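Questions regarding the structure given below will be posed in turn.
The values are calculated or read from the model by the stated rules, or taken from the named source; none is laboratory data. Everything numeric here is computed off the predicted structure, so don't read it as measured data. Quick reminder, even Gly has a Cβ in these numbers, built from the backbone with ideal geometry, and neighbours come from all protein chains shown.
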Amino acid sequence: MSFGLLFSVGIGGFIGAILRFTLSSWVQKATASTFPFGTLSVNVLGSFLIGFLFLYFQQINLSPYHKTLLITGLLGALTTFSTFSLDTVLLMQQEFYMKAFSNVVLNVFFSIGATLLGMMLFKRLYF
């Protein structure tokens, strides 16, 4: 593995982590809820973007460094399934079982749906 690819992942991850923290905190504050809407929102957004960009990158001549920066680095750090898992466990530990179940279902359903939506939008715009 080249230093350039590792550097690309690092730069993308730096940006993605800052975006995740900022967007997730903003959404969580705006909803004023004990349900982790901030985590849900960045997971759905990241899933939409990866669906769209995956197809877009197949159509253009983009370097592996740029693809790695955006997909693995930025979107990998933006989407927060490790945080999602922790949020779910913490809800279960607090005996908020329905919220924990809802968190799992909503994150999986909307994230997969957003990925498909991103792909559909790309196809509609470019085919």
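Please count how many residues of region 96-105 are assigned to a helix (DSSP H, G or I) and touching a Phe, Trp or Tyr at 6+ places or on another chain (Cβ under 9 Å).
Step one: of region 96-105, the residues assigned to a helix (DSSP H, G or I) are 97-105.
Adding the requirement that they be touching a Phe, Trp or Tyr at 6+ places or on another chain (Cβ under 9 Å) leaves 99, 102-104.
Of the residues in that region, 4 qualify.
Are there any pairs with C-beta distances below 6 angstrom linking a residue in region 56-80 that is touching a residue at least 60 places away in the same chain (Cβ under 8 Å) to a residue that is of a type outside the set (Lys, Arg) and surrounded by fewer than 18 Cβ atoms within 10 Å (Cβ to Cβ), with the two at least 6 apart or on different chains, and if so which?
Partner pairs satisfying both residue conditions: TYR65/GLY4; THR68/LEU5; LEU69/ILE11; LEU74/ILE15; ALA77/ALA17; LEU78/LEU19.
Is at least one residue of region 84-91 acidic (Asp, Glu), over 11 Å from the mean Cα position of the chain (by Cα) and closer than 30 Å to PHE14 by Cβ? If you could, list the steps in order and put the result at the bottom.
We begin by selecting, within region 84-91, every residue acidic (Asp, Glu); these are 87.
Now restrict to residues that are over 11 Å from the mean Cα position of the chain (by Cα): 87.
If we keep only those that are closer than 30 Å to PHE14 by Cβ too, we end up with 87.
Yes, region 84-91 contains a residue that is acidic (Asp, Glu), over 11 Å from the mean Cα position of the chain (by Cα) and closer than 30 Å to PHE14 by Cβ.
Residues are listed down the side, and each one gets a yes or a no for (1) among the small types (Gly, Ala, Ser); (2) touching a Ser or Thr at 6+ places or on another chain (Cβ under 8 Å):
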residue	(1), (2)
LEU53	no, no
GLN58	no, no
LEU62	no, no
ILE71	no, no
THR80	no, yes
GLN94	no, no
SER102	yes, no
VAL108	no, no
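Matching residues to (1) farther than 19 Å from SER111 by Cα; (2) among the aromatic types (Phe, Trp, Tyr):
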| site | (1), (2) |
| --- | --- |
| GLY12 | yes, no |
| THR39 | no, no |
| LEU45 | no, no |
| ILE50 | no, no |
| PHE54 | no, yes |
| GLN59 | yes, no |
| LEU70 | no, no |
| GLY73 | no, no |
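Now for a separate question. If SER24 satisfies all but one of (1) in contact (Cβ under 8 Å) with a residue 60 or more places away in the chain; (2) crowded, with 18+ Cβ neighbours inside 10 Å; (3) among the small types (Gly, Ala, Ser), what's the number of the condition it fails?
Unmet condition: (1).
So is VAL89 β-branched (Val, Ile, Thr), within 20 Å of GLY51 (Cβ to Cβ) and either free of Cβ contacts under 8 Å to residues at least 60 places away in the same chain or assigned to a helix (DSSP H, G or I) (or both) or not?
Details: β-branched (Val, Ile, Thr): yes; within 20 Å of GLY51 (Cβ to Cβ): no; either free of Cβ contacts under 8 Å to residues at least 60 places away in the same chain or assigned to a helix (DSSP H, G or I) (or both): yes.
In short, no.
Keeping to region 102-112, report how many residues are under 13 Å from the mean Cα position of the chain (by Cα) and touching a residue at least 24 places away in the same chain (Cβ under 8 Å).
Number of matching residues: 4.
Inspect all residues belonging to region 114-126 and state whether any of them is among the basic types (Lys, Arg) and surrounded by fewer than 14 Cβ atoms within 10 Å (Cβ to Cβ). If you could, list the steps in order and put the result at the bottom.
Taking region 114-126 first, the residues among the basic types (Lys, Arg) are 123-124.
Next, from what is left, pick out any that are surrounded by fewer than 14 Cβ atoms within 10 Å (Cβ to Cβ): 123-124.
Taking every residue of region 114-126 in turn, at least one turns out to be among the basic types (Lys, Arg) and surrounded by fewer than 14 Cβ atoms within 10 Å (Cβ to Cβ).
Next question, about the same structure. Kindly indicate the residue of region 74-116 that is small (Gly, Ala, Ser) and modelled with pLDDT of 95 or more and also nearest to SER41 (Cα to Cα) among those meeting that condition. Quick ask: steps written out before the conclusion?
First, pick out the residues of region 74-116 that are small (Gly, Ala, Ser): 76-77, 82, 85, 100, 102, 111, 113-114.
Retained after the next criterion (residues that are modelled with pLDDT of 95 or more): 77, 100, 102, 111, 113-114.
Working: ALA77: 14, ALA100: 16, SER102: 14, SER111: 9, GLY113: 13, ALA114: 11 Å.
Within region 74-116, the match that is nearest to SER41 (Cα to Cα) is SER111.
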